[in-house]
1. First measure r as the distance between the Cβ atoms of residue 41 and residue 245, then evaluate 1/(1 + (r/R0)^6) with R0 = 22 Å and state the FRET efficiency to the nearest 0.05.
2. What lysines does residue 170 reach when the alpha-carbon gap must be under 24 Å and sequence neighbours fewer than 8 apart in one chain are set aside?
3. Could you look at region 3-45 and say what percent of its accessible area is carbon and sulfur, using a 1.4 Å probe and all protein chains?
4. Probe of 1.4 angstrom, ligands and nucleic acids ignored: what's the accessible area per residue over the chain, in square angstrom?
5. Just to be sure I understand: with springs between alpha-carbon atoms less than 10 Å apart, which residue in 84, 179, 206 has the highest mean-square fluctuation in the Gaussian network model of the chain?
6. Add +1 for every Lys or Arg and -1 for every Asp or Glu among the other residues with Cβ under 14 Å from the Cβ of residue 118, and state the total.
7. Using a 1.4 angstrom probe and counting only protein chains, how large is the accessible area of residue 68 in Å², to 10?
8. Please give the FRET efficiency for residue 103 paired with residue 132, using the beta carbon to beta carbon distance and R0 = 25 Å, rounded to the nearest 0.05.
Amino acid sequence: MRWINTKPGPAVRLMLMLAPFVLLVIAYGMGSAARLADNPSDKLLPALASLTDAINRMAFTPDTRTGEYLMWADTTASLSRLLWALGISTAIALLFGMIVGMFPYVRALLAPFIATISMVPPLALLPILFIVLGLGEAAKISLIVIGVAPAMIRDLALKVVELPREQIIKAETLGGSSWQIALRVVLPQVLPRLFTCLRLQLGPAWLFLIAAEAISADSGLGYRIFLVRRYLSMDVIFPYVAWITLLAIIMNFALDRLRIAIFPWSNLERQ
């Protein structure tokens with residue numbers, strides 16, 4: 001028997017999936033207990049009970065000053081910025097990705113420029129964006145768009161270029177115009193890849209969002225993390241980081257399920 005040919009059953013797969021998370025919680029609990037035994041006022045690794053208390057305080061107890069549930073208010077602010085930015089990036093990527101991929105003259109004109117823009121560190125542009133666009137929402141959303149849209153354009157353009165040339169020739173033989181070929185041949189095959197592009201860019205998008213909120217914001221998950229760090233409030237920071245991770249996982253899963261629901265044939269290609 002070769003290990004490469006063995007596959008775990010559903011129960012074993014679930015156990016293997018949960019094992020690293022359980023081990024991580026156990027390791028954290030042991031490390032926290034050891035540090036608190038030496039120094040009960042240690043803030044670096046707060047006890048699990050302290051994390052629970054912080055979650056209750058931030059998510060389920062109204063703030064005494066504003067009356068808001070801070071964790072949910074921060075989540076709403078961050079998700080609003082993120083969804084606006086991803087929506088704009090998706091529209092830009094789909095349009096320019098198809099145009100660059102389909103038309104050789106446009107590809108010769110824009111492909112090097114887009115490749116160059118994608119190499120610019122977006123965080124280096126953040127001060128410029130704040131100077132030009134101000135400290136409001138436009139600068140934060142623009143940072144995310146600049147950070148993810150060029151990579152999505154390049155990915156979609158490559159997908160278009162990789163389409164079998166025979167399909168284009170057959171469509172031309174049947175009298176299809178460039179517009180009809182784009183809508184009837186290229187677009188249906190590019191859209192599933194668009195969902196994958198979005199999934200791949202969720203991590204960078206969250207990174208740029210947190211960075212922008214940390215520098216200039218009055219609400220948001222990144223704003224809260226960098227606000228409480230001056231007090232070494234790790235009991236708040238750890239749950240917020242875990243919550244951001246969970247939100248990203250949910251978005252990733254939802255995008256994949258949506259792709260399969262809309263384009264079921266795209267899942268067959270991966271099997």
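The values are calculated or read from the model by the stated rules, or taken from the named source; none is laboratory data. Since we're looking at a predicted model, the values are computed, not measured. Cβ sites come from the backbone with ideal geometry, for glycine too, and all protein chains shown count toward neighbours. Heads up: the accessible areas ignore ligands, DNA and RNA and are worked out on the full protein's heavy atoms, side chains in. Shrake-Rupley method; radii C 1.70, N 1.55, O 1.52, S 1.80 Å.
1. That gives a FRET efficiency of 0.20.
2. 159
3. Details: 2840 of 3710 Å².
Carbon and sulfur: 76 percent of the exposed surface of region 3-45.
4. Per residue, the chain has 61 Å² of solvent-accessible surface.
5. 179
6. Spelling it out: positives minus negatives among the neighbours equals 0.
7. That residue has around 90 Å² of solvent-accessible surface.
8. Numbers: r = 31 Å, r/R0 = 1.25.
Efficiency computed from Cβ-Cβ geometry: 0.20.
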